[in-house]
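Reviewing the structure listed below.
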Amino acid sequence: MRGLLPFLAQRLFRALIALWLVSTVVFVVMRLSGDPVPLLLPPDAPISEMERVRRELGLDRPLPVQYAVFLRNTLKLDFGRSLHFRQPAFSVVSGYIPATLELGLTAFFLAALVAVPVGLLSAMKRNTLLDHAAMGFALMGQAAPTFFLGILFILLLSLKLDLFPTSGRGSWSNLVLPALTLGAFTMASIARLTRSAVLEVLRADYIRTARAKGLGEALVVAKHTFRNAAIPILTITALQFGTLLGGAVVTETVFSWPGIGRLAVQSIYNRDYPVVQCTVFLAAVMFIVINFIVDLLYGFLDPRARVG
Amino acid sequence: MELTRRELLKSAAALTAAGTLSQALPGSSQAQTTQKKDLVVAQGGDISKLDPHFSTSSNDIRWSFNIFDNLTSRHPDGKLYPGLALESKLQSQTVWTFKLRQGVKFHNGDPFTSADAKFSIERTYDPNAKTMVATVFTTIDKIEAPDPYSLIIHTKKPDPLLPARLAFYGGQIVPKKYLESVGNDAFNARPVGTGPTRFVSWVKDDRLTLEANPDYWGGKPDFDKLIVRSIPETAPRVAALLKGEVDVITQLPPDQEDRVTANASTRVEGALYAGLYVLAVNSKRPPLDNPLVKQALSLAIDRELIVKELWKGRGVVPSGPIAKGDNFFDPKLPPLAYNPKEARERLKKAGYKGEEVFIETTVAYVSQDKAMSEAIAAMWKDVGVNVKVEVIEYSVRAQKNREKSFKGVFWSDPTSTLGDPDGMMWRLLGPGGPQDYWRESKFDELGAAARFSVDEKFRAEAYAQMTKVFLENFPWLPIIQPYEDYGLQKYVEFTPNPNQQFEIRRFNFKFRRA
């Protein structure tokens, strides 16, 4: 693997730029959008009391100064103290990460494990009833808003059929509905993409050659089709993980799942700057790491990418 | 999606028969009694802090009022009862003495004494403690603890409402020794009080677990464990109740009540909110600086219709600035009138020439605010007011509130923290108060005098006069005094508290046993 070091260095550099941009945007947007102090105090707190709290939290300093402090501390992974919880933001946010990973990974694997075979099968049995049914479902999965889907699952699968608990985190049965809800969009996207990627490959000359030389259909699919279709599938699957982090915001709120998505919503409402900044930063890190892993995987799947 | 009662019963019966109930409660879905030992409550928001002096959010104080006790205690009937203080006496105009309960222990075994009471109240306004309730006890001059079971509080001026102040937020008594030894952060993470429930564990945004304090001076509450869950969305919260996963839910909106009532095993219980939902008026902005215009706006609102249609009858039409249930509420005063014809005439008399009147509404800052804004805008248009509705976000509202930069009228839900007009209209509308947009010397003189008078007859007369001035000037347009509703399993006996405390002491909460 020639050139791995420069490749890594370049990647790392880009990642740092991305993190800096993300943090800066969040810093600016949060401060433009409202003031946390009135939300912390009783509604009748006098102005003097608000000023005292602003001073205490360092919110009275000029924005450029606050920004410089913020950048310096972020380098040390110090995101400041949560205004709302009165604890270091990093320790607040990291407490929520396991729940989000549990939900996100379950949704992700559930989606991938169902969607790839379905997409493959749809392509192989193109224009049959099975293909139409599968793609119909996929279309619905992509079109239905997460919020709607979540409530529908609760009313139908939990309240009416009594198969799963309505909300909260606990045993595996608590995980099913939120994972389905969160995974629906991803599942649908992967299935549709797998189908079209496989169809694309099936039209290629080397497939015709493979068939012409008398290979069985199973071998054609396993050895020639799927391996070649895998790269776009992998790309989109990895990118979908970012969608999952975004979807977690809604899903975790609907199912009162104690993860960083719900924490983010709540912290935005509370204008809890340090927690929002820390959450977005960590989410960005996760996204960048996953993309990086995918880049490495390309190399294994496609020898051309190793030198490219 | 609406599930009918019949469908629900059918599916419940079918599933019970099939034996597939995964989360079955003891007994059937029809159970009106229970053998349960654990009480599970779901509220609409997350808990942020358990240290009672660092939060006034209802999602926090519901529980801190049950971990801690106050010196005085306001029961669901709206009256003050002894808490950790057995007796309070007005010794002279500015001196209150309190006789404290003996033999009370904190959850860690430390005895409760006057030193804890003195420490707790002083902590609220100690600049070094940096609490969020620093303004609750501004009337206090100094506190003495002459012996372990006596407390003397000197006020700067006569303060008739000191016992009422002690009953609400800021007044929770914390253990001096324990708090000083572990520090604020550790105390917030593992609070210790004298209340009916003891802290067990807290997983943020998921659940808070408390257990019954077997040695509670008011008797052990009727459960072993109390589990508090946060379910922010209404639909899943109601679903959790209907399915029997939780015993009580808070913040039940009126449009969901039919589902709870229609279900065989659940019911609705409400308390008239200790306060009002009002459109507060920036009376400095023309045309709202003209009292005649404000009178016309009030007359143009069909409050009966709002209560009936938007609130499904779960509220009452206010008669003025004093909430029903408060001191000096006058039951003889008629509800605020609806008279569009008279409204048009007063607008004409005021010389109103179509100037814009803004409603800056939030969405769900107070329940139904946006829907009520739209209804009221339509009613105002009907009498010829040029009304504009603008939607603002919660924290923007907070900022405008701080800067006093509202363009017209805006939603507010003044809570009567003391069960008295002083803690509501005077606290908010008084000079320098957060909603000080209008001044009238007679109103101001009476308000100031009533605040510092211990003569109840004088105060009654003062508030009656202030109500009259209010109804000519409408610094608020009171709209509704709503019910705050809870969904309960039928085997739960519980009377909600009007001021959002969640009272689960012996006198107020019971499981119905077979």
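The values are calculated or read from the model by the stated rules, or taken from the named source; none is laboratory data. Nothing here was measured: the structure is a model prediction, and the numbers come from that model. Note that each Cβ is placed from the backbone with ideal geometry, even for glycine, and that neighbours are counted across all protein chains shown. Just so you know, the surface numbers come from the protein's heavy atoms only, side chains and all, with ligands and any DNA or RNA stripped out. Shrake-Rupley method; radii C 1.70, N 1.55, O 1.52, S 1.80 Å.
Side notes on the structure shown:
- Lysines whose Cα lies under 28 Å from that of B:Lys370, excluding same-chain neighbours fewer than 8 positions away: B:Lys284, B:Lys294, B:Lys308, B:Lys312, B:Lys324, B:Lys341, B:Lys353, B:Lys381, B:Lys388, B:Lys400, B:Lys404, B:Lys407
- Taking other residues whose beta carbon is less than 14 angstrom from the beta carbon of A:Gly183, and scoring Lys, Arg as +1 and Asp, Glu as -1, yields -2.
- With N as its number of residues, segment B:332-484 has a Cα radius of gyration that, divided by 2.2 N^0.38 Å, comes to 1.13.
- Per-bin percent of Cα-Cα distances, segment B:399-444 [5 Å]: 5, 19, 29, 25, 17, 5, 0
- Cut-off 12 Å between beta-carbons: net charge of the residues surrounding A:Ile260, Lys and Arg +1, Asp and Glu -1: -1
- Each Cα pair of the protein assembly as shown feeds into the Kirkwood radius, which the Stokes-Einstein equation turns, at 10 °C and 1.306 mPa s, into a diffusion coefficient of 53 µm²/s.
- Sorted on the mean count of surrounding Cβ atoms within 10 Å across their residues, most packed first, peptides A:260-272, B:262-274 read A:260-272, B:262-274.
- The protein assembly as shown, accessible surface, carbon-and-sulfur percent (1.4 angstrom probe): 60
- The local environment of B:Asp302, defined by Cβ-Cβ distances under 14 Å, has a net charge of -1 under the rule Lys, Arg +1 and Asp, Glu -1.
- Solvent-accessible area lost on pairing B with A (1.4 Å probe, both sides summed) amounts to about 4500 Å².
- Along its principal axes, segment B:406-514 has C-alpha extents of 62, 39, 21 angstrom, given from the largest down.
- Of the DSSP H helices in chain A, those that are both long (alpha-carbon extent of 30 Å or more along the helix axis) and hydrophobic (Kyte-Doolittle mean at least -1.0) are A:4-32, A:89-124, A:172-202, A:226-254, A:273-301.
- Probe 1.4 Å, protein heavy atoms only - accessible area per residue of the protein assembly as shown in square angstrom: 42
- Think of chain B as having a plus end and a minus end, set by charges on the Cβ of Lys, Arg, Asp and Glu; of B:Ile143, B:Thr234, B:Leu305, B:Leu305 sits farthest toward the positive end of this dipole.
- Within 10 Å of each Cβ in B:397-409, the average number of Cβ atoms from other chains: 3
- For segment A:166-189, a drop of 30 Å² or more in accessible area on going from the chain alone to the assembled protein chains (1.4 Å probe) is found at A:Thr166, A:Ser167, A:Arg169.
- Global size of segment B:183-298 as Cα Rg and Dmax, reported in angstrom: 21.6, 61
- Contact residues in segment B:236-270 (at least 50 Å² less accessible area with all protein chains than alone, 1.4 Å probe): B:Pro236, B:Lys243.
- Where the alpha-carbon atoms of segment A:152-308 are placed on the principal axes, they occupy 64, 44, 22 Å, in descending order.
- Summarised as an ellipsoid, segment B:137-207 has semi-axes of 29, 16, 11 Å, derived from the eigenvalues of the Cα gyration tensor scaled by 5 and square-rooted, with the largest first.
- Dipole magnitude for segment A:57-134: about 180 debye, using +1 per Lys or Arg Cβ and -1 per Asp or Glu Cβ, origin at the Cα centre.
- Between A:Phe137 and A:Arg227, the FRET efficiency from the beta-carbon distance, with R0 = 35 Å, is close to 0.85.
- Equivalent ellipsoid semi-axes - Cα gyration tensor, chain A, angstrom: 44, 27, 13
- Ranking of A:Phe300, A:Phe147, A:Phe241 by solvent-accessible surface, largest first: A:Phe300, A:Phe147, A:Phe241 (1.4 Å probe, protein heavy atoms only, all chains present).
- Dipole size of the protein assembly as shown about its Cα centre, with +1 on Lys/Arg Cβ and -1 on Asp/Glu Cβ: approximately 1880 debye, rounded to the nearest 20.
- Residues losing 10 Å² or more accessible surface upon assembly, segment B:180-227, compared with the chain by itself, 1.4 Å: B:Asp185, B:Asn188, B:Lys204, B:Asp205, B:Asp206, B:Arg207
- All Cα pairs of segment B:204-268, percent lying beyond 13 Å: 68
- The relative contact order of chain B, computed from alpha carbon pairs under 8 Å that lie at least 6 residues apart in sequence, is 21 percent.
- Values of log10 I(q)/I(0), in the order q = 0.21, 0.23, 0.28 Å⁻¹, for segment A:237-297 under a Debye, Cα-only, solvent-free model: -0.81, -0.91, -1.12
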